[in-house]
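The values are calculated or read from the model by the stated rules, or taken from the named source; none is laboratory data. Here the structure is a predicted model, which means the values were calculated and not measured. All Cβ positions, glycine included, derive from the backbone under ideal geometry; neighbour counts span all protein chains shown.
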Amino acid sequence: MRIHILDSYEEMSIKAASIVASQIILKPDSVLGLATGSTPLGMYAQLVEMFRNKRIDFREVKTFNLDEYLGLAPDHPQSYNYYMNENFFQKVNVPRENINIPPGNPENIDTACLSYDRAIKEAREIDIQVLGVGTNGHIGFNEPDFKLKTETHVVNLTRETIESNSRFFASADDVPRRAISMGMGSIMRANKILLMASGANKAEVIRKTVSGEITTEVPASLLQLHPEVILVLDKEAGSYLD
């Protein structure tokens, strides 16, 4: 693992954006795996600014998002489809046909999962997968368990994840209980993984991710097995690392 610990959230956002931008400059038709949540917002803002300044071009880029809540329509303000459009896609020139997000209200869930995996395989490979991490170690919506699914699948969200995500909703009761998530197999097959974390509440899970026991009870710990992982942290999230 390569670990970058920056002094502030703004600095880590700039660093993460520069890593993604370098990937696109070196390979204009890159396949990006994208994440949602509060942590990557600064990175997306930096990438948008780079696009506006004509430093990068997304017209050949293809994207795959990690996950989506089940039961939310694409235009629901708390859907990840809405998040991506509001914070990134409508501000850059990724072709609409190159954007892939798991469906939140599919007619057939099993078919939707198989179709998503097929689309990833047809894209050949994910060049760089952006990840956040939950305080319980989940990546995407791959929650702690005694075993993990390798392909796209439906997840029952843990109480900890529901409570953590309730800050985006009116209350915890409004948070969907299930989600559709890219599996660990697809994540681990990415050529490069960029994991971002910010805040003191992520310090312990980052310690486990970097040097803890490799276990499905902390899904992020499996990243120790990947050949090219880059951690971009602020100093609070990295405070438990030597």
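Can LEU72 be described as part of a loop (DSSP other than H, G, I, E, B), closer than 18 Å to ALA190 by Cα, at pLDDT below 95 and in contact with a helix residue (DSSP H, G or I) (Cβ under 9 Å, 6 or more places away or on another chain)?
Details: part of a loop (DSSP other than H, G, I, E, B): yes; closer than 18 Å to ALA190 by Cα: no; at pLDDT below 95: yes; in contact with a helix residue (DSSP H, G or I) (Cβ under 9 Å, 6 or more places away or on another chain): yes.
Judged against the criteria, LEU72 is not a match.
Of all residues in region 75-94 being part of a loop (DSSP other than H, G, I, E, B) and closer than 23 Å to MET50 by Cα, which is farthest from the chain's Cα centre (by Cα)? Write out each step before concluding.
Taking region 75-94 and keeping what is part of a loop (DSSP other than H, G, I, E, B), we get 75-79, 88, 92-94.
Cutting the leftovers down to closer than 23 Å to MET50 by Cα gives us 88, 92-94.
Values: PHE88: 14, VAL92: 18, ASN93: 20, VAL94: 17 Å.
Going through the qualifying residues, I end up with ASN93.
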Worksheet, complete the sentence: In region 1-60, anything among the polar types (S, T, N, Q), touching a residue at least 12 places away in the same chain (Cβ under 8 Å) and farther than 29 Å from SER211 by Cα is listed as SER30, GLN46
Worksheet entry | Number of the condition not met by GLU125 [criteria: (1) at pLDDT 95 or above; (2) among the acidic types (Asp, Glu); (3) within 25 Å of HIS138 (Cα to Cα)] | (1)
Discussion item. Just checking, does region 95-107 include any residue being assigned to a strand (DSSP E or B), surrounded by 13 or more Cβ atoms within 10 Å (Cβ to Cβ), touching a residue at least 12 places away in the same chain (Cβ under 8 Å) and not hydroxyl-bearing (Ser, Thr, Tyr)?
Written reply: yes
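I'm checking my understanding of the structure. Among residues of region 19-54 that are of a type in the set (Ser, Thr, Tyr) and surrounded by 15 or more Cβ atoms within 10 Å (Cβ to Cβ), which one is nearest to the chain's Cα centre (by Cα)?
THR36
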Item to complete: For LEU225, work out the one condition from (1) surrounded by 16 or more Cβ atoms within 10 Å (Cβ to Cβ); (2) more than 19 Å from CYS113 (Cα to Cα); (3) in contact with a helix residue (DSSP H, G or I) (Cβ under 8 Å, 6 or more places away or on another chain) it doesn't fulfil.
Response: (1)
Worksheet, complete the sentence: Picking from LEU41, LEU34, LEU47, the residue that is closer than 25 Å to ALA197 by Cα and either touching a strand residue (DSSP E or B) at 6+ places or on another chain (Cβ under 9 Å) or among the small types (Gly, Ala, Ser) (or both) would be LEU34
Worksheet item: Can you name the residue in region 78-94 that is among the polar types (S, T, N, Q) and buried (at least 21 other Cβ atoms within 10 Å of the Cβ) and is also farthest from ALA17 (Cα to Cα) among such residues?
Response: SER79
Fill in: Residue check for GLY33: within 22 Å of HIS153 (Cβ to Cβ) and part of a loop (DSSP other than H, G, I, E, B)
no
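So that you can scan it fast, the table gives a plain yes or no per residue for (1) more than 21 Å from THR161 (Cβ to Cβ); (2) surrounded by 16 or more Cβ atoms within 10 Å (Cβ to Cβ); (3) among the β-branched types (Val, Ile, Thr); (4) in contact with a Phe, Trp or Tyr (Cβ under 7 Å, 6 or more places away or on another chain):
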| site | (1), (2), (3), (4) |
| --- | --- |
| ILE193 | no, yes, yes, no |
| ARG207 | no, yes, no, yes |
| SER211 | yes, no, no, no |
| ILE230 | yes, yes, yes, no |
| GLY238 | yes, yes, no, no |
Worksheet item: Can you spot a residue in region 171-179 that is hydroxyl-bearing (Ser, Thr, Tyr) and in contact with a helix residue (DSSP H, G or I) (Cβ under 7 Å, 6 or more places away or on another chain)?
Response: no
Worksheet item: When only residues in region 115-132 that are within 14 Å of the chain's Cα centre (by Cα) and not in a loop (DSSP other than H, G, I, E, B) count, which is surrounded by the fewest Cβ atoms within 10 Å (Cβ to Cβ)?
Response: ILE128
